[in-house]
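Inspection log for the structure reproduced underneath, given as structure tokens.
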Amino acid sequence: YTRYEMLDLVVIDGRARGIIARNLVTGKVERFAAHAVVVGTGGYGNAFFLSTNAMTSNGSAALQVYKKGAFFANPAFAQIHPTCIPVQGEHQSKLTLMSESLRNDGRIWVPKKKEDAEAIRKGKLKPTDIAEENRDYFLERRYPAFGNLVPRDVASRAAKERCDAGFGVGNTGLAVYLDFEEAISRLGENVVRERYGNLFEMYEKIVDDNPYKTPMMIYPAIHYTMGGIWVDYELQTTVKGLFCIGEANFSDHGANRLGASALMQGLADGYFILPYTIQNYLADQIRVPRFSTDAPEFEEAEKQINEKINRIMSIQGKRSVDSIHRELGLVMWDFVGMARNKKGLEHALERIREIRKEFWSNVFVPGKADDLNTELEKALRVADFIEIGELMARDAILREESCGGHFREEHQTEEGETLRNDKEFAFVSCWKYNGEGEEPSLFKEMLAYEFVERDQRNYKA
Ligand SMILES: Cc1cc2nc3c(=O)[nH]c(=O)nc-3n(C[C@H](O)[C@H](O)[C@H](O)COP(=O)(O)OP(=O)(O)OC[C@H]3O[C@@H](n4cnc5c(N)ncnc54)[C@H](O)[C@@H]3O)c2cc1C
């Protein structure tokens, strides 16, 4: 079933009993019955339009199960990765990640003088023209103990801070340098090539610049979503018989994620937890006979999906799916991205509502529904990204503190670092869907620390 996309969850008597999926080749909407359903459909970073995620990664399945009763936890918690190839212009549909490992040897800097940065942006100076004493290695300066190896959220915010202050490079001013000059002189070009040759080659192919000779340019981008479907320790959601694993659930990372831990979670959930816990559930179901897909719940779910598809196909408006997705992504990036504040988030909520209206009245999907139709696939996902975007903004407004990847500008230390408020916000926010046009309800799962003490992060000393 590789070319199938799940479009809805079927719940019978409060238990997950199957799914509705669309055959992406024929366009046929089909029913699948099961004693339990496992959702492992990845994160929702593509709500931002431009992200490092694969194009088929989408939050649709998570949103569908949320609408069928599964709680959505911490939707605001998204990770921004500092070392992505910067946005080049309006033609892009995705961003490329330069591996984190590059920060082992690369040094991140911007010009110390604004006039140098401006001259670089205008193409009048090259980075190699900037003398060593006129370079600001801002991570080494701000975080002497960790330097270029500070965690992703810290490195990302520091790069944004420099660019916002007018020191950014590249033609947009939204880029900083990742420089290997020192590593090459210390280790030799061959060692650097052995360590990072494939990445340098990839960079050169995309940017048409040789990173052995001139520093790479990087800028933060959306990379991972820590929030997701709420699960218990058995990886079961608030809908009985519905399990959620991997990036699609909220379980392991809190407000932040350290490098490599996502694949570890994928392995842990898929190999070590679910195969055992799902048996606990199925053991009780052993006397329940197979379900027929003729059950009225299947019929109703399929009917609703077909109605949704027909509604989208019948709009025949003037906007392409991508143009609406891009508009949503810009709102998400500007107001629900690396730095958030109440006013901006409220503005984002307003804009997202406008975008929803625009989508449902002016989207154009060519072709037919009962055929291969990638525009229709995208449209179904964008409809869901709009809902996810709204939920993210709502959750980010609620959380009046900064923690991990969630940075509220109103809540920062004098040095611009995250300022948590454990007294009021040491909880997982769990959102329950209440129907179209209704506000979701918030449930709080309080965090209890038995073996470790909570503390403020410090990468300076
Ligand atoms: C560029 C990049 C580099 C990364 N590097 C690392 C790393 O070095 N270390 C690390 O730990 N993590 C890394 N990550 C994160 C890690 O790869 C992901 O978190 C992890 O792959 C998530 O696994 P998953 O199985 O939960 O979801 P995914 O790998 O996203 O798989 C979900 C699958 O579900 C499918 N799907 C989605 N919706 C539906 C639907 N409705 N119906 C049917 N199928 C659907 C998708 O097509 C996809 O095949 C990286 C991520 C990116 C983007």
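The values are calculated or read from the model by the stated rules, or taken from the named source; none is laboratory data. This structure is a prediction, so every number in the text was calculated from the model and none was measured. When we count neighbours, we look across all protein chains shown, and the Cβ atoms used for this are built from the backbone with ideal geometry, even at glycine. The area values use the complete protein model at the heavy-atom level, side chains included, leaving out ligands, DNA and RNA. Shrake-Rupley method; radii C 1.70, N 1.55, O 1.52, S 1.80 Å.
Below, the figures for the structure above:
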item: Single residue of the stretch 13-22 satisfying the filter (open to solvent by 20 Å² or more (accessible area, probe 1.4 Å) and closer than 27 Å to P75 by Cβ) that is farthest from the ligand (Cβ to nearest atom); result: G14
item: Cβ-Cβ under 8 Å pairs, at least 6 apart or on other chains, the stretch 259-273 side farther than 23 Å from D153 by Cβ, far side near the ligand (Cβ under 6 Å from one of its atoms); result: D269/G40; D269/G246; G270/G40; G270/G246
item: Among the candidates E445, E414, E390, residue that is open to solvent by 50 Å² or more (accessible area, probe 1.4 Å) and at pLDDT 95 or above; result: E445
item: Residues within the stretch 103-115 that are buried (at least 16 other Cβ atoms within 10 Å of the Cβ) and part of a helix (DSSP H, G or I), tallied; result: 1
item: Near pairs, Cβ below 6 angstrom, 6+ apart or cross-chain, from the stretch 207-231 (more than 15 Å from the ligand (Cβ to nearest atom) and open to solvent by 30 Å² or more (accessible area, probe 1.4 Å)) to any residue that is in a strand (DSSP E or B) and not small (G, A, S); result: W230/C430
item: Residues being more than 8 Å from the ligand (Cβ to nearest atom) and surrounded by 21 or more Cβ atoms within 10 Å (Cβ to Cβ) - total across the stretch 46-58; result: 5
item: Of all residues in the stretch 68-102 being in a loop (DSSP other than H, G, I, E, B), within 14 Å of the ligand (Cβ to nearest atom) and under 15 Å from the mean Cα position of the chain (by Cα), the one that is surrounded by the fewest Cβ atoms within 10 Å (Cβ to Cβ); result: K94
item: Test for V239: is it aliphatic (A, V, I, L, M), over 22 Å from T374 (Cα atoms), over 21 Å from the mean Cα position of the chain (by Cα) and modelled with pLDDT under 95; result: no
item: Given (1) within 12 Å of the ligand (Cβ to nearest atom); (2) part of a loop (DSSP other than H, G, I, E, B); (3) within 21 Å of S320 (Cβ to Cβ), number of the condition G43 does not satisfy; result: (3)
item: Hits in the stretch 264-306 (condition: within 15 Å of the ligand (Cβ to nearest atom) and of a type in the set (A, V, I, L, M)); result: M264, L267, A268, I273, L274, A301, I305
item: Given (1) touching a Leu at 6+ places or on another chain (Cβ under 6 Å); (2) near the ligand (Cβ under 10 Å from one of its atoms); (3) in contact (Cβ under 8 Å) with a residue 40 or more places away in the chain; (4) open to solvent by 30 Å² or more (accessible area, probe 1.4 Å), index of the condition V25 fails; result: (2)
item: Count - residues of the stretch 307-320 that are under 28 Å from G18 (Cβ atoms) and either within 26 Å of the chain's Cα centre (by Cα) or exposed (fewer than 15 other Cβ atoms within 10 Å of the Cβ) (or both); result: 7
item: Test: residue in the stretch 246-269 that is open to solvent by 20 Å² or more (accessible area, probe 1.4 Å) and on the phi > 0 side of the Ramachandran plot; result: yes
item: Any hit, the stretch 2-23, residues being in contact with a helix residue (DSSP H, G or I) (Cβ under 8 Å, 6 or more places away or on another chain) and in a loop (DSSP other than H, G, I, E, B); result: no
item: Unique match (being more than 13 Å from the ligand (Cβ to nearest atom), over 25 Å from G14 (Cβ atoms), assigned by TED's automatic domain parsing to the domain that holds T418 and of a type outside the set (D, E, K, R)) among G254, G259, G241; result: G254
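Every residue, every condition in (1) out of contact with any Pro (no Cβ under 9 Å at 6 or more places or on another chain); (2) within 30 Å of N23 (Cα to Cα); (3) open to solvent by 60 Å² or more (accessible area, probe 1.4 Å); (4) not in a helix (DSSP H, G or I), yes or no:
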site	(1), (2), (3), (4)
D322	yes, yes, no, no
V331	yes, no, no, no
A348	yes, no, no, no
R356	yes, yes, no, no
S361	yes, yes, yes, no
L372	yes, yes, yes, yes
A379	yes, yes, no, no
I386	yes, yes, no, no
E401	yes, no, no, yes
